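Student: Pasting a structure here, questions to come.
The values are calculated or read from the model by the stated rules, or taken from the named source; none is laboratory data. The structure displayed is predicted, hence computed values, not measured ones. Note that each Cβ is placed from the backbone with ideal geometry, even for glycine, and that neighbours are counted across all protein chains shown. With ligands, DNA and RNA removed, areas are computed over all heavy atoms of the protein, side chains included. Shrake-Rupley method; radii C 1.70, N 1.55, O 1.52, S 1.80 Å.
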Amino acid sequence: KSLEYIIFDFFFKKKILEKRLNKNYKNNEVINSFVKDGFCKINNFRNFSENLNDELKKENPKLEKFVKKFSITPNLQEKIREFCNKDIKDLLNDLNNLYGSKIFLAGIKIAENFSYDGKEDVYANKFHVDNNRLTLFKIFVLLSDVNENSGPTNIVKLSDTKKFKQEINFKNRYNYNETYNDKLIYKNTGNIGDILICSTSRCLHKAGVVSSGISRKMLTLTFVSYPFNEEQDDHFYFIDKNKSYNHR
């Protein structure tokens with residue numbers, strides 16, 4: 001991460017996040033785990049994932065570098081809008097209070113990863129942190145059942161980061177020992193509809209490599225905490241104003 005972001009994160013965490021942990025949240029356990037560990041499993045929304053999959057059947061995107069990326073159609077946008085403004089509304093409101101500013105959806109990505117030898121970084125399958133402020137986080141929604149062979153997202157707890165980096169002699173995402181004991185790694189396995197929130201700008205993470213003959217499909221929602229003078233209740237404000245990124 002850039003030095004500017006590292007400095008911002010340090011003071012934001014000390015001055016804002018840590019002071020807001022004692023507030024009463026509807027999802028108190030999730031908020032505390034998110035701040036302490038950097039990620040947390042939330043809940044299962046199977047109907048939402050199945051409805052998305054029904055819509056995705058209308059498209060068969062080209063396989064490029066072992067990944068199929070789906071177009072974000074208006075119908076998909078509306079299903080995701082409803083999910084944000086209804087299904088996870090309480091969670092996003094808690095995050096509004098945690099960050100002290102509005103939470104907006106800034107990116108939508110639906111991708112299906114397929115198997116390959118794992119040597120190159122073709123779908124973010126090398127350990128890294130996102131080069132963003134900690135005011136950015138992601139919600140991963142499983143669109144297929146995921147086991148250890150399906151290439152689950154691998155995440156390292158914040159408290160284990162230093163130990164893990166020493167164990168793998170981590171220099172950067174292209175320079176570390178890839179032979180290691182994965183006891184310090186959380187693997188986001190689960191059922192279709194499971195969702196997980198992750199501070200990808202703080203936690204070391206990577207996509208797992210998919211085994212031969214199977215695939216892993218997932219929706220990634222990128223959110224940002226953004227100070228706004230206007231009263232905006234719709235988390236889709238950035239998307240509607242074409243200020244989004246990573247939209248495909």
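Student: Among the residues of segment 18-68, write down those that are out of contact with any strand residue (DSSP E or B) (no Cβ under 7 Å at 6 or more places or on another chain) and either part of a strand (DSSP E or B) or among the β-branched types (Val, Ile, Thr) (or both).
Tutor: Across segment 18-68, the qualifying residues are ILE31, VAL35, GLU64.
Student: Here is a list of conditions, (1) part of a helix (DSSP H, G or I); (2) surrounded by fewer than 19 Cβ atoms within 10 Å (Cβ to Cβ), and ASP9 meets all of them except one; can you say which number that is?
Tutor: That leaves (2) as the condition not met.
Student: Looking at GLY208, is it open to solvent by less than 10 Å² (accessible area, probe 1.4 Å) and touching a helix residue (DSSP H, G or I) at 6+ places or on another chain (Cβ under 7 Å)?
Tutor: So GLY208 fails the test.
Student: Would you check which residues across segment 69-87 are of a type in the set (Val, Ile, Thr), in contact with a strand residue (DSSP E or B) (Cβ under 8 Å, 6 or more places away or on another chain) and not in a helix (DSSP H, G or I) and list them?
Tutor: Hit for segment 69-87 is ILE72, nothing else.
Student: Looking for whichever is under 23 Å from HIS205 (Cα atoms) and open to solvent by 30 Å² or more (accessible area, probe 1.4 Å) here; the options are ILE42, ILE31, ILE16. Which one fits?
Tutor: Criteria check complete, one pass: ILE42.
Student: How many residues, within segment 96-137, are in contact with a strand residue (DSSP E or B) (Cβ under 6 Å, 6 or more places away or on another chain), in a loop (DSSP other than H, G, I, E, B) and of a type in the set (S, T, N, Q)?
Tutor: Residues in segment 96-137 being in contact with a strand residue (DSSP E or B) (Cβ under 6 Å, 6 or more places away or on another chain), in a loop (DSSP other than H, G, I, E, B) and of a type in the set (S, T, N, Q): 3 in total.
Student: Taking the condition of being within 20 Å of the chain's Cα centre (by Cα) and surrounded by fewer than 16 Cβ atoms within 10 Å (Cβ to Cβ), how many residues in segment 152-168 meet it?
Tutor: Qualifying residue count, segment 152-168: 1.
Student: Using the structure shown, decide if ASN149 is polar (S, T, N, Q), over 22 Å from ASN131 (Cβ atoms), out of contact with any Asp or Glu (no Cβ under 6 Å at 6 or more places or on another chain) and assigned to a helix (DSSP H, G or I).
Tutor: Numbers: polar (S, T, N, Q): yes; over 22 Å from ASN131 (Cβ atoms): yes; out of contact with any Asp or Glu (no Cβ under 6 Å at 6 or more places or on another chain): yes; assigned to a helix (DSSP H, G or I): yes.
Answer is yes for this residue.
Student: Report whether or not VAL122 is β-branched (Val, Ile, Thr) and either closer than 22 Å to LYS79 by Cα or within 12 Å of the chain's Cα centre (by Cα) (or both).
Tutor: no
Student: Sticking with this structure for a sec: Taking segment 169-181 as the region of interest, how many residues are under 23 Å from ARG216 (Cα atoms) and surrounded by 15 or more Cβ atoms within 10 Å (Cβ to Cβ)?
Tutor: 1
Student: So which of VAL129, VAL146 is among the hydrophobic types (A, V, I, L, M, F, W, C) and open to solvent by 40 Å² or more (accessible area, probe 1.4 Å)? Can you show your working first?
Tutor: Numbers: VAL146 fails: open to solvent by 40 Å² or more (accessible area, probe 1.4 Å).
Step by step, each of VAL129, VAL146 is checked, and only VAL129 is among the hydrophobic types (A, V, I, L, M, F, W, C) and open to solvent by 40 Å² or more (accessible area, probe 1.4 Å).
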